[in-house]
Amino acid sequence: MDAKDLKFLNEYFDTVTAFFSLMYVPTSDREIIFKEVYRVLKKGGEFVVWDLIIPEKRDNPKEYYGISLSIATAEKKISTGYAIRWNKQQNYELYAKLGKKIGLVVKDHYVDENTFFIRFEKI
């Protein structure tokens with residue numbers, strides 16, 4: 001389903017997640033997708049985002065930007081990686097500002113060297 005045109009009723013979900021997926025969204029679609037998330041979230045619902053920090057490219061000759069990621073669960077450790085063509089940037093501040101613009105409130109967040117996590121709430 002296209003995240004810009006979700007085929008769900010208004011205020012349908014308690015929680016919407018974006019797990020290492022916003023990095024693949026064209027910059028021009030970010031606000032449209034956030035508005036759709038807002039539309040399908042129930043009042044008091046959460047939008048949980050965990051994604052890659054993509055710094056400004058500047059003069060770096062690399063065509064792609066990516067990281068290796070290890071996630072520890074109670075049962076096991078999962079190792080994976082994420083990479084994209086390095087033609088944009090993203091970070092916590094960008095998405096926190098976008099969420100606020102459409103009416104979401106940041107309830108929790110953390111930022112480390114390579115990733116960020118945000119828990120928004122629809123008030």
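So, Lys57, is that one under 15 Å from Arg30 (Cα atoms) and either touching a Gly at 6+ places or on another chain (Cβ under 7 Å) or in a loop (DSSP other than H, G, I, E, B) (or both) or not? When the stated conditions are applied, Lys57 does not pass them. Sub-8 Å Cβ pairs linking a first residue in segment 41-57 that is without any contact (Cβ under 8 Å) to a residue 60 or more places away in the chain and surrounded by 14 or more Cβ atoms within 10 Å (Cβ to Cβ) to a second residue that is among the aliphatic types (A, V, I, L, M) and in a strand (DSSP E or B), at least 6 apart or interchain, are Ile54/Ile84, ordered by first then second residue. Would segment 60-70 turn up any residue that is aromatic (Phe, Trp, Tyr) and farther than 24 Å from Met1 by Cα? So far as segment 60-70 goes, yes, one or more of its residues are aromatic (Phe, Trp, Tyr) and farther than 24 Å from Met1 by Cα. Within segment 10-29, restricting attention to residues that are touching a residue at least 40 places away in the same chain (Cβ under 8 Å) and either part of a strand (DSSP E or B) or open to solvent by less than 20 Å² (accessible area, probe 1.4 Å) (or both), the residue that is nearest to Lys100 (Cα to Cα) is Leu22.
Filtering segment 95-112 down to residues that are touching a residue at least 24 places away in the same chain (Cβ under 8 Å) and either acidic (Asp, Glu) or more than 17 Å from Lys43 (Cα to Cα) (or both), which residue is surrounded by the most Cβ atoms within 10 Å (Cβ to Cβ)?
Here the answer is Tyr95.
Residues in segment 6-37 that are in contact with a strand residue (DSSP E or B) (Cβ under 8 Å, 6 or more places away or on another chain) and β-branched (Val, Ile, Thr) were compared, and the one that is nearest to Gly66 (Cα to Cα) is Thr17.
Residues that are free of Cβ contacts under 8 Å to residues at least 60 places away in the same chain, surrounded by fewer than 18 Cβ atoms within 10 Å (Cβ to Cβ) and under 16 Å from the mean Cα position of the chain (by Cα) within segment 30-40 comprise just one, Ile32.
When segment 70-92 is filtered for residues that are without any contact (Cβ under 8 Å) to a residue 40 or more places away in the chain and assigned to a strand (DSSP E or B), the ones remaining, listed by number, are Ser70, Ile71, Ala72, Lys77, Ile78, Ser79, Thr80, Gly81, Ala83, Arg85.
The values are calculated or read from the model by the stated rules, or taken from the named source; none is laboratory data. Values in this document were obtained by computation on a predicted structure and should not be read as measured data. Backbone-built Cβ (ideal geometry, glycine too); neighbour counts: all protein chains shown. Each accessible area value is taken on the protein alone, full model and side chains, heavy atoms only, with ligands, DNA and RNA left out. Shrake-Rupley method; radii C 1.70, N 1.55, O 1.52, S 1.80 Å.
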